[in-house]
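Worksheet: the structure to be examined is printed underneath.
The values are calculated or read from the model by the stated rules, or taken from the named source; none is laboratory data. What you are looking at is a predicted structure, and each value in this text was computed from that prediction instead of being measured. Counting neighbours? That spans all protein chains shown, and the Cβs are built from the backbone with ideal geometry, glycine included. The area values use the complete protein model at the heavy-atom level, side chains included, leaving out ligands, DNA and RNA. Shrake-Rupley method; radii C 1.70, N 1.55, O 1.52, S 1.80 Å.
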Amino acid sequence: LSPPFSSPPAISSSNGSQTADLSRKRGVEDALASLIPGLGTTSSDANKRHRSDASSVDPNKVTKKLWIPSDRNPGYNYVGLLIGPGGSKQRELVAQSGGDVKISIRGRGSNSKDGAGTAGAPGGGVPGAPEEPLHVLLEGSAECVAKAEGLVRTLLEDSEAADKEKARQLG
């Protein structure tokens with residue numbers, strides 16, 4: 001007994017390949033790819049996006065480190081100042097800079113778990129080289145990084161601007 005619904009038999013060429021099924025499948029894939037952008041990507045296309053060699057680095061992207069003067073003001077919460085409640089200040093700085101910049105706080109003291117997450121610990125290594133001094137890492141287009149640098153430097157170096165921002169965050 002044959003099942004009530006069965007596939008038509010595959011048509012094989014002299015070398016045993018299923019040419020009709022493959023060409024039908026390719027035709028359907030091509031039709032879908034023309035209707036849905038990005039569907040027709042091959043595995044080699046996907047691999048190109050995930051490659052981390054130097055050829056995939058965007059030459060227009062810039063990285064800049066700004067050292068946080070925690071040694072001058074040891075008790076001051078620079079991390080809280082720069083991130084703000086719920087990350088609001090960090091998002092605001094990104095928006096004021098033009099949007100094409102990533103602002104990260106890295107280095108010693110940037111992790112909320114003091115001492116945890118260091119290399120060799122169960123949590124793995126802390127990103128941003130925890131042995132480095134506390135710093136702000138800016139990554140993005142040159143123009144946006146330059147704007148972000150000015151905004152962050154103002155908060156880090158101008159105590160009056162920092163105090164106004166802290167009061168705004170708390171009030």
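Only residues in the range 86-100 that are assigned to a helix (DSSP H, G or I) count as the first member; pair them with residues that are open to solvent by 60 Å² or more (accessible area, probe 1.4 Å), Cβ under 6 angstrom, at least 6 apart or cross-chain, and list the lot.
So the pair list comes out as Ser97/Lys147.
Mind checking which residues of the range 140-171 are more than 17 Å from Lys89 (Cα to Cα) and not in a helix (DSSP H, G or I)? Spell out how you get there, then give the answer.
As a first pass, look at the range 140-171 and keep what is more than 17 Å from Lys89 (Cα to Cα): 140-143, 146.
Selection gives Gly140, Ser141.
Do we find that Val94 is at pLDDT 55 or above, of a type outside the set (D, E, K, R), under 30 Å from Ala148 (Cα atoms) and open to solvent by less than 50 Å² (accessible area, probe 1.4 Å) in this structure?
Details: at pLDDT 55 or above: yes; of a type outside the set (D, E, K, R): yes; under 30 Å from Ala148 (Cα atoms): yes; open to solvent by less than 50 Å² (accessible area, probe 1.4 Å): yes.
Considered against the rule, which asks whether it is at pLDDT 55 or above, of a type outside the set (D, E, K, R), under 30 Å from Ala148 (Cα atoms) and open to solvent by less than 50 Å² (accessible area, probe 1.4 Å), Val94 comes out as yes.
Condition first: in contact with a strand residue (DSSP E or B) (Cβ under 6 Å, 6 or more places away or on another chain), modelled with pLDDT under 80 and not acidic (Asp, Glu). Can you find one or more residues in the range 98-118 that meet it?
Within the range 98-118, not a single residue is in contact with a strand residue (DSSP E or B) (Cβ under 6 Å, 6 or more places away or on another chain), modelled with pLDDT under 80 and not acidic (Asp, Glu).
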